[in-house]
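Peer 1: Just dropping this structure here.
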Amino acid sequence: MTKNKKQKESIAEAHQKKQQQKADEARNHKIKILRRILALICGLCGVILYLNTLHHGFVLDDFSVILENRITKQGLKAIPQIFSTSYRSGYYLGTDELYRPIPKSIFAISWNWFGNNPLPLHLLNIVLFGITGIVLFNFCYLLFPNLVFSFIASMLFMFHPVHTEVVANIKSVDEILSFLLCISACIFLARYVQTKRISELVLTSVCFFAALLSKESSITFLAVFPLLILLKSDKKETSYNWSVELKPMLTLTAFALLFLMIRHSVLSKIASGDPSIADNLLMAAKSSDQKFATAVMILGMYLKLLFIPHPLVFDYSYNQIPLVGMGNIWFLLSLLIHVGLLVWAILLLKKNKLLSFIILFYFISMSIYSNIFYVIGSSFGERFLYTASFGFCMAVAYAFSLLSKNQNVETVSSFFKNNLTVFLIFLPVAFAFGYKTITRNTVWKSNYTLYANDVNLSPNSTRTHYYYGNLLAKDDFQKDKTDQEKDSIQKLALSELEKSVAIFPFGDAYNQMGIIYDKRKEFKKSFESYQQAMKAAPNDPMIQNNLGSLYFNMGQIPEAKACYEKAVQLNPSYSEALMNLGSACGMMKQYDDAVTNYLKAIKFDPNLAQAYYYLGLTYRFKGDQQNSEFYYNQAAKMDPEKYGKKK
């Protein structure tokens, strides 16, 4: 009897365990669905916030890497060349010391399929940003399986207005890709630590290497990875097992070294130099103390933007941010906050690994842009906060998670209902940030909307005035305007450029003033402007080219030719200068030299229709009717409106 009773109890207990197991499986399935829904909400919010950028044009650096880059405009066939040249190689103003072949390849593919239509590239930025929201949610849940933490961190990142410069600007797909791929690498690395599957390590390495090929700053994640391994290692271990970290870190370091070797082989022939004062105001510091104090103060400005993202400005060049000394109150406050946070993060390494990881993530991500360890090409940029801001978002989300109630949460409605207090606090922030994001997006519609708006927000920046004046002076901007309207626009352009050089004797601004005065037939003022430009930037080929054009317009052809030759000497692939040199040779009846220079111009810029037209004209003067007709027709195909009826 007792035996039968025990058997019945055993069967009942087994049945109860089975029922409990089924209930647990059903609950886990519901939670998994809930996680997917919440992740999708994060991604969709990111997409919706930036839908109003879909019909925006090309802005800022989009011109140097897409619209005015002869390599990018070659389409698919340019991809091998893209992987063997610098980022801005192919831009008529020269090259740079950046190596980002994946984003530039994307631009080339888009140009091949869609031409100069920016919509597909804006759509790509929006979609990638939305995917980032989904990935961030999953990464946060992997770090700390708390739904409120994961949701708030991801949503805050999606809504934060400081990201408008990245998502609304096509060129900044490098930032989006770099961050997305690095976070993906972190997810696979965490899985590797937990499962020891080699496939996870392979995926980690692939994502990290692709991130490096998207933007060099991804290399900072080499310092994030060991912290992640420490966080995700077995918490029951009394001592840290360094062998767990060694294998993946050696693998990832090897890929980083491979990237650095490739980058060095591509960029080694490019002359490097310090950034100009106009680009990085720290170059104007009179002492190392002043440089350090200003750099630390700027770090405080970044923190301020994370809490209060207003005003947002595309440029903070010299002298928008003043240089400060060691006694400046804002330097001291920033130093106190940053040192305090760093010390706290180190002390938390054993007590609270997650919070320590969050704080150190921010510091590591900002380190490369801090201008403390080495000076970069810019002193301040909102785009530099893109990756680091995720540390801020996680910190805020961690604070919210302390108020969260995740028990018995299986549906979307129960999630929000159980955490009503959290969302009553968060929603006003989300609405405010969302409104700021959407309205700021409209400013990024075109160069004109951006420059005209931000020149008032950054009135002490030499570059904001230059950009605005330079835009107003362009022929495209003055197209279809009356003579009176053109005169007013040119005067406004000169006014902005004069403000620029008053802040800093900026070569590009003086150069543009020379161009405007040349158009206005004020040749003396044009010449004086070019002299000032050469004084500020003696090795700028564009200034030499434009001075040559001034001489050409004044009928001084030998002087024009000398300037064009100097421009080509400074930049042998400067297609416009080569074309102008061909014109000078043609005017001097040196037709063979003219043909040689026109052909070189076409070689470096196959889309330069004007060079084809002048080449056809030169062959006609040489009596070569066949070649003349051929190049006339080529010019007409490229620009039928301008050259279709000219012969």
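The values are calculated or read from the model by the stated rules, or taken from the named source; none is laboratory data. For clarity, every value in this text was computed on a predicted model and none was experimentally measured. When we count neighbours, we look across all protein chains shown, and the Cβ atoms used for this are built from the backbone with ideal geometry, even at glycine. The area values use the complete protein model at the heavy-atom level, side chains included, leaving out ligands, DNA and RNA. Shrake-Rupley method; radii C 1.70, N 1.55, O 1.52, S 1.80 Å.
Peer 1: Please compute the length gained on full extension between L260 and K77, using 0.36 nm multiplied by the number of residues separating them and subtracting their Cα-Cα distance. Don't skip to the answer; put the middle values down first.
Peer 2: On the way: separation 183, 0.36 × 183 = 65.88 nm, distance 2.50 nm.
In short, 63.4 nm is gained.
Peer 1: Moving on to the next point. For K304 and I109, compute 0.36 nm times the residue count separating them, minus their Cα-Cα distance, and round to one decimal in nm. The partial results should precede the final answer.
Peer 2: Details: separation 195, 0.36 × 195 = 70.20 nm, distance 3.87 nm.
The span from K304 to I109 would gain 66.3 nm if fully extended.
Peer 1: Going by alpha carbons, how many degrees (0 to 90, nearest 10) lie between the helix axis of 173-195 and the longest principal axis of the chain?
Peer 2: Roughly 30 degrees, rounded to the nearest 10.
Peer 1: Now for a different question. Treating the angle as unsigned and between 0 and 90°, give the value, to the nearest 10°, between the Cα long axis of helix 523-536 and the longest Cα principal axis of the chain.
Peer 2: Orientation of helix 523-536: about 50 degrees from the principal axis.
Peer 1: Moving on. For the chain, give the percent of accessible area contributed by carbon and sulfur heavy atoms, probe 1.4 Å, rounded to a whole number.
Peer 2: Working: 17990 of 30140 Å².
Solvent-exposed carbon and sulfur of the chain make up 60 percent of the total.
Peer 1: A follow-up question, please. If the only charges are +1 at each Lys and Arg Cβ and -1 at each Asp and Glu Cβ, what is the size of the charge dipole of the chain around the Cα centre, to the nearest 20 debye?
Peer 2: So the magnitude is around 2620 debye.
Peer 1: With everything on Cα atoms, drop me the angle between helix 221-232 and the longest principal axis of the chain, reported from 0 to 90° to the nearest 10.
Peer 2: Roughly 10 degrees, rounded to the nearest 10.
Peer 1: Please label the shape of the range 229-379 as rounded, prolate or oblate, based on the square roots a ≥ b ≥ c of the eigenvalues of the alpha-carbon gyration tensor (a/c under 1.5 means rounded; beyond that, a/b larger than b/c means prolate, else oblate). Write out the running numbers ahead of the final one.
Peer 2: Details: a/c = 2.57, a/b = 1.33, b/c = 1.93.
Note, shape of the range 229-379 comes out oblate.
Peer 1: What whole-number value in Å² describes the accessible area per residue of the range 432-494 for a 1.4 Å probe? Mind dumping the intermediate values first?
Peer 2: Numbers: 3080 Å² over 63 residues.
Per-residue accessible area for the range 432-494 comes out at 49 Å².
Peer 1: I want to check the label-to-label distance for K642 and Q590. Put each point 7 Å from Cα in the C-beta direction and report it in nm to one decimal.
Peer 2: Each label point is offset 7 Å from its Cα along the Cβ direction, giving 2.5 nm.
Peer 1: K269 to A223: FRET efficiency via 1/(1 + (r/R0)^6), r the Cβ-Cβ distance, R0 22 Å, to the nearest 0.05?
Peer 2: 0.15
Peer 1: Please list the three semi-axes, largest first and in whole Å, of the ellipsoid equivalent to the chain, using sqrt of 5 times the eigenvalues of its alpha carbon gyration tensor.
Peer 2: Working: eigenvalues 609, 153, 109 Å².
The equivalent ellipsoid of the chain has semi-axes of 55, 28, 23 Å.
Peer 1: Using only the alpha carbons of the range 135-192, determine the length spanned along each of the three principal axes and report them from longest to shortest in whole angstroms.
Peer 2: That gives 33, 25, 10 Å along the principal axes, largest extent first.
Peer 1: Any idea what the dipole of the range 303-407 comes to, in debye rounded to 20, about its Cα centre with Lys/Arg Cβ at +1 and Asp/Glu Cβ at -1? Provide the component values of the computation, followed by the final result.
Peer 2: Working: 6 positive and 2 negative charges, 99 e Å.
Dipole magnitude for the range 303-407 comes out near 480 debye.
Peer 1: When only alpha-carbon atoms are used, what values of Rg and Dmax, in angstrom, describe the range 451-500?
Peer 2: 10.9, 32
Peer 1: Quick one: order H264, H163 from most to least accessible surface, probe 1.4 Å. Can you show the working numbers first?
Peer 2: On the way: H264 125, H163 0 Å².
Correct descending sequence by accessible area is H264, H163.
Peer 1: Related question: If we sort 499-505, 431-437, 313-319 on the protection proxy, mean other Cβ atoms within 10 Å, highest first, what's the order?
Peer 2: Output ranking for 499-505, 431-437, 313-319: 313-319, 499-505, 431-437.
Peer 1: By what distance, in whole Å, do the Cα atoms of the range 462-619 stretch along each of the three principal axes, largest value first?
Peer 2: Largest first, the range 462-619 extends 45, 35, 28 Å along its Cα principal axes.
Peer 1: Moving on. Per residue, what volume in Å³ does the Cα convex hull of the range 169-288 take up? Don't jump to the answer; show the numbers that get you there.
Peer 2: Numbers: hull volume 19.1 nm³, N = 120.
Given the Cα convex hull of the range 169-288, per-residue volume reads 159 Å³.
Peer 1: Taking 0.36 nm per intervening residue step and subtracting the Cα-Cα distance, what contour gain separates L123 from H55 on full extension?
Peer 2: On the way: separation 68, 0.36 × 68 = 24.48 nm, distance 0.92 nm.
Contour length minus the Cα-Cα distance gives 23.6 nm.
Peer 1: Keeping all protein chains in the complex and leaving out DNA, RNA and ligands, what accessible area do you get for E175 with a 1.4 Å probe, in Å² to the nearest 10?
Peer 2: 0 Å²
Peer 1: Could I ask something else about it? Where does the charge balance sit around P226 when Lys and Arg score +1, Asp and Glu -1, over other residues with C-beta under 13 Å from its C-beta? It would help to have the intermediate numbers written out before the result.
Peer 2: Working: positive: K232, K247, K353; negative: E245.
Here the count lands on +2.
Peer 1: A further question follows. If each DSSP helix of 4+ residues adds -39,500 (n - 2.57) and the sum is divided by the residues in the chain, what number results at 222 nm, nearest 500 deg cm²/dmol? Before the final figure, lay out the partial values.
Peer 2: On the way: 29 runs with 453 residues, N = 647.
Per the formula, -23000 deg cm²/dmol.
Peer 1: For the range 382-418 and the range 252-299, what is the separation of their Cα centres, given in Å?
Peer 2: Value for the Cα centre distance between the two parts: 35 Å.
Peer 1: Can I ask one more? Could you work out the relative contact order of the chain? I mean the mean sequence separation of Cα pairs under 8 Å and 6+ apart, divided by the number of residues, in percent. Please list the in-between numbers first.
Peer 2: On the way: 945 pairs, mean separation 79.1, N = 647.
The value is 12 percent.
Peer 1: Shifting gears a bit: First check a/c for the range 330-459, with a ≥ b ≥ c the square roots of the eigenvalues of its C-alpha gyration tensor; if it is under 1.5, answer rounded, and if not, answer prolate when a/b is larger than b/c or oblate otherwise.
Peer 2: Details: a/c = 2.72, a/b = 1.20, b/c = 2.26.
Oblate, because a/c is 1.5 or more while a/b does not exceed b/c.
Peer 1: Taking a ≥ b ≥ c as the square roots of the eigenvalues of the Cα gyration tensor of the range 473-512, is the shape rounded (a/c under 1.5), prolate (a/b larger than b/c) or oblate? Let's see the in-between values first.
Peer 2: Numbers: a/c = 4.41, a/b = 2.25, b/c = 1.96.
Prolate is the answer for the range 473-512, as a/c is 1.5 or above and a/b outweighs b/c.
Peer 1: With a cut-off of 8 Å between alpha carbons and a minimum separation of six or more residues, what is the relative contact order of the range 66-190 in percent? Please report the intermediate quantities before stating the final value.
Peer 2: Numbers: 142 pairs, mean separation 26.0, N = 125.
Relative contact order for the range 66-190 comes out at 21 percent.
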